[in-house]
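Here is the structure we will look at.
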Amino acid sequence: MAIRNAVTTSNKPIRMADSDWEEWMGDPQLVREEMAEQAERQRQLDDMLPELTKRYPDQWAALTENGELLIAPSLEALAEKFRALDTPPGSNVIEFLDTDPTPWIL
């Protein structure tokens, strides 16, 4: 039985066996498929960011798992749109359409 470290919000990992890991995370194949779909939604939204930022400066954009694009002036307004659509929060990709982004120095 393999033991894995699960990521936590603290610096202390949770140690669990493979069987516990699958129960906690779900079917590994399904998790991989969902992660690939999420990554594709993020790529799609990233491709749209320049045009969306021009059209909707300093607002919030989200792409739902159904491919619906949502625009709102605040996170609260965006959350209202999610509730109206009954969209699970973890399935959306969200970006702020920042017209003056802070540069990153790496």
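The values are calculated or read from the model by the stated rules, or taken from the named source; none is laboratory data. Just so we're clear, the structure is a prediction, and the values are computed from it rather than from any experiment. Cβ placement follows ideal geometry from the backbone for every residue including glycine, while neighbour counts extend to all protein chains displayed. SASA here: full protein model, heavy atoms, side chains in, ligands and nucleic acids out. Shrake-Rupley method; radii C 1.70, N 1.55, O 1.52, S 1.80 Å.
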(request) Select from the range 62-99 the residues that are part of a loop (DSSP other than H, G, I, E, B) and modelled with pLDDT of 95 or more and write down the one among them that is nearest to GLU34 (Cα to Cα). (result) LEU97
(request) Give just the number: which of (1) surrounded by 13 or more Cβ atoms within 10 Å (Cβ to Cβ); (2) modelled with pLDDT of 80 or more; (3) of a type outside the set (Phe, Trp, Tyr) does ASP20 not satisfy? (result) (2)
(request) For the range 39-56, state whether one or more residues are open to solvent by less than 70 Å² (accessible area, probe 1.4 Å), in a loop (DSSP other than H, G, I, E, B) and among the aromatic types (Phe, Trp, Tyr). (result) yes
(message) I need every pair where a residue in the range 90-106 that is farther than 16 Å from ARG41 by Cβ and among the hydroxyl-bearing types (Ser, Thr, Tyr) has its Cβ under 7 Å from the Cβ of a residue that is crowded, with 17+ Cβ neighbours inside 10 Å and modelled with pLDDT of 95 or more, sequence separation at least 6 or different chains.
(response) THR99/THR53
